[in-house]
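Notes follow once the structure below has been shown.
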Amino acid sequence: MSLISASNLGKIYRTHSLVGASAGKTVLQDISLSVREGETVALLGRSGCGKSTLARLLAGLEQPTTGEVLFRDKPVSGLDRSDIKAFRRDVQLVFQDSPSAVNARFTIRDIIAEPLRHLTSLDQGQRQDRIRTLLNMVELPPDIADRLPGQVSGGQLQRVCIARALAVNPRLIILDEAVSNLDIHLQASALTLLARLQRENGIAYLFVTHDLRLVRGFASRCLVMDEGRIVEESMVADCAGMTHPASRLLHAAVLPPLPERTGKRLILSGQAL
Amino acid sequence: MTGQTLAIEGLTATAVIDGQRHILVDDLSLAVQQGRILALVGASGSGKSMTCSAALGVLPPGVTMAAGRVTIDDVPYGATALRGRHVASIMQNPRSAFNPVRTMRDHAAETLRALGTMGADAEDRIAHCMQAAGLEEVKAVLSLHPFEMSGGMLQRMMIALALLGDAPFLFADEPTTDLDLVVQMRILELLEKLVEERRLGVLLVTHDMGVVARLADDVAVLDHGRLVEQAPVMTIFHQPGHPVTRMLVNAHLSLYGMEAIA
């Protein structure tokens, strides 16, 4: 059984004004995918290819124009009350831009407590225990809980958002460029943290990114998107052999691990002397 | 013809926060040579951008340059004399660096006016710099507003504006951080080409060691406002000396699944 899946999803955005609706802009077309329990799937693509829209549809924040999102093989549009509650608890989303993903007037404690209040039956004391555990999980000091978002660094706030997503023991976290804003060494440590949580709790991840480097060692399978469609699918181990032009381009854009030129520019300028 | 050398000497920048004096950049010295790219690396908050801002006299309110000077071939220059004429700069976020209600033509004219070089050949020079930055459709692009352009196009326009002053040096503060990787690749190629063709001396601020590996000749590593290591790029990657350098290189290599350097 897949945890979450999409069958033939399509999304068309229209703008409405006094003179009527504009021509639709097709953002997603014919998307089918599935994520199993405990698996990490990477969703790769350039800016504007529809990755984030797909993430929002899968998390239930927006409705597809065509096709369906299925949660444990049941269409999300037809879930009953208890199933909807389970869906909202089990599927969590972490956004790229953490300052705009939190209420600037909430303390870190309130931010993490919010899903606990709405989606669990923990009492006040249990909630505080849970918040301490979560902060510890994402390697933040406990005294950060009483600060406001503006008083912590971008990297810390991103980890607060990860803690908030983990709060209700979800089965799937959709990471929408969730580490892209961090320094590289913080990106690496955030991914190490997520991988550890997966080993311990069997969480599944849908990892949305444009950076092929981050996919290796973290995801097992990757999907490449281009212009609103999934154009190629591959196991990460074989992703060097992907053939679609969009995949090749993403590959070519990966920065080198080590410097390659040895004084080439020095020789060029030497000739100019 | 040998190139000029721009040197930042003994730069110290301080801020007063809640009555306490904080040192943001601590007695920093480095040199940029024409025709070479010096990467300034370090974690967020290590003082990379603050170093560029202090050298060009554009520190944010509350931050002061307590000591230091900038020289070109040992002649000291004030920040106002440097800006635009000797040192051009490009910023991280092209989206917010442009005036949203002005066209690209207005931006180019403003740059030329500021440089005092708004002559009869202005249109030609603008076209020439835009083509050098990879914007071929000059007429069409000049009439666009920022919201009509992609991030990559805006960054090319920012580079074109930087080239207008014919400055021998360029400060590039995280020039590709907000762009997708494919656009990043093209902007880095462009910078490399400009260094080779125009012998620009570049101070490249970045936190991405991949960008450093791709482009830099030399690397200066900052930690808490202090320069902890400076070396050619090969040495930084293969024999890093300082623990902070090792941490940056190892975190970077771990993304490629490569062995850490001991």
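The values are calculated or read from the model by the stated rules, or taken from the named source; none is laboratory data. All of these numbers come straight from a predicted model, not from anything done at the bench. For neighbour counting, all protein chains shown are included, and Cβ atoms are generated from backbone atoms with ideal geometry for every residue, glycine included. With ligands, DNA and RNA removed, areas are computed over all heavy atoms of the protein, side chains included. Shrake-Rupley method; radii C 1.70, N 1.55, O 1.52, S 1.80 Å.
Residue pairs whose Cβ atoms lie under 6 Å apart, separated by 6 or more positions or on different chains, with the first residue in region A:248-264 and under 16 Å from B:Met185 (Cα atoms) and within 7 Å of chain B (Cβ to nearest Cβ) and the second open to solvent by 50 Å² or more (accessible area, probe 1.4 Å) and at pLDDT below 90, are A:Pro257/B:Met258.
In region B:113-128 there is no residue matching the filter, namely being within 19 Å of the chain's Cα centre (by Cα) and at pLDDT 90 or above.
On the stretch given as region B:212-235, residues that are in a loop (DSSP other than H, G, I, E, B) and at the interface with another protein chain (Cβ under 7 Å from one of its Cβ atoms) total 1. Checking the stated criteria, B:Gln239 turns out to be more than 29 Å from B:Thr12 (Cβ to Cβ) and more than 11 Å from chain A (Cβ to nearest Cβ).
For region A:236-255, state whether one or more residues are more than 18 Å from the chain's Cα centre (by Cα), of a type in the set (Gly, Ala, Ser) and assigned to a loop (DSSP other than H, G, I, E, B). Yes, that holds for at least one residue. The condition (being among the aliphatic types (A, V, I, L, M) and farther than 30 Å from A:Ala195 by Cβ) is satisfied by just one residue among B:Met185, B:Met234, B:Met247: B:Met234. Of the residues making up region A:138-148, those that are under 23 Å from A:Asn169 (Cα atoms) and either open to solvent by less than 40 Å² (accessible area, probe 1.4 Å) or outside any helix (DSSP H, G or I) (or both) are A:Val138, A:Glu139, A:Leu140, A:Pro141, A:Ile144, A:Ala145. Of the strands (runs of 3 or more DSSP E) contained entirely in region B:44-143, not one carries at least 3 residues that are buried (at least 17 other Cβ atoms within 10 Å of the Cβ), away from chain A (no Cβ under 14 Å) and in contact with a Lys or Arg (Cβ under 6 Å, 6 or more places away or on another chain). No other residue among A:Val102, A:Val160 is open to solvent by less than 10 Å² (accessible area, probe 1.4 Å) and out of contact with any strand residue (DSSP E or B) (no Cβ under 6 Å at 6 or more places or on another chain) apart from A:Val160. Would you confirm whether any residue within region A:108-131 is free of Cβ contacts under 8 Å to residues at least 24 places away in the same chain and basic (Lys, Arg)? Looking through region A:108-131, at least one residue is free of Cβ contacts under 8 Å to residues at least 24 places away in the same chain and basic (Lys, Arg).
In region B:182-211, the residues that are over 21 Å from A:Leu182 (Cα atoms) and within 10 Å of chain A (Cβ to nearest Cβ) reach residues that are among the basic types (Lys, Arg) and assigned to a helix (DSSP H, G or I) with C-beta atoms within less than 9 angstrom, at least six apart or across chains, in these pairs: B:Arg186/B:Arg156; B:Glu192/A:Arg265; B:Glu192/B:Arg214; B:Val195/A:Arg265; B:Glu196/A:Arg265. Residues in region B:1-34 that are within 13 Å of B:Leu203 (Cβ to Cβ) and not in a strand (DSSP E or B): B:Gln34 alone.
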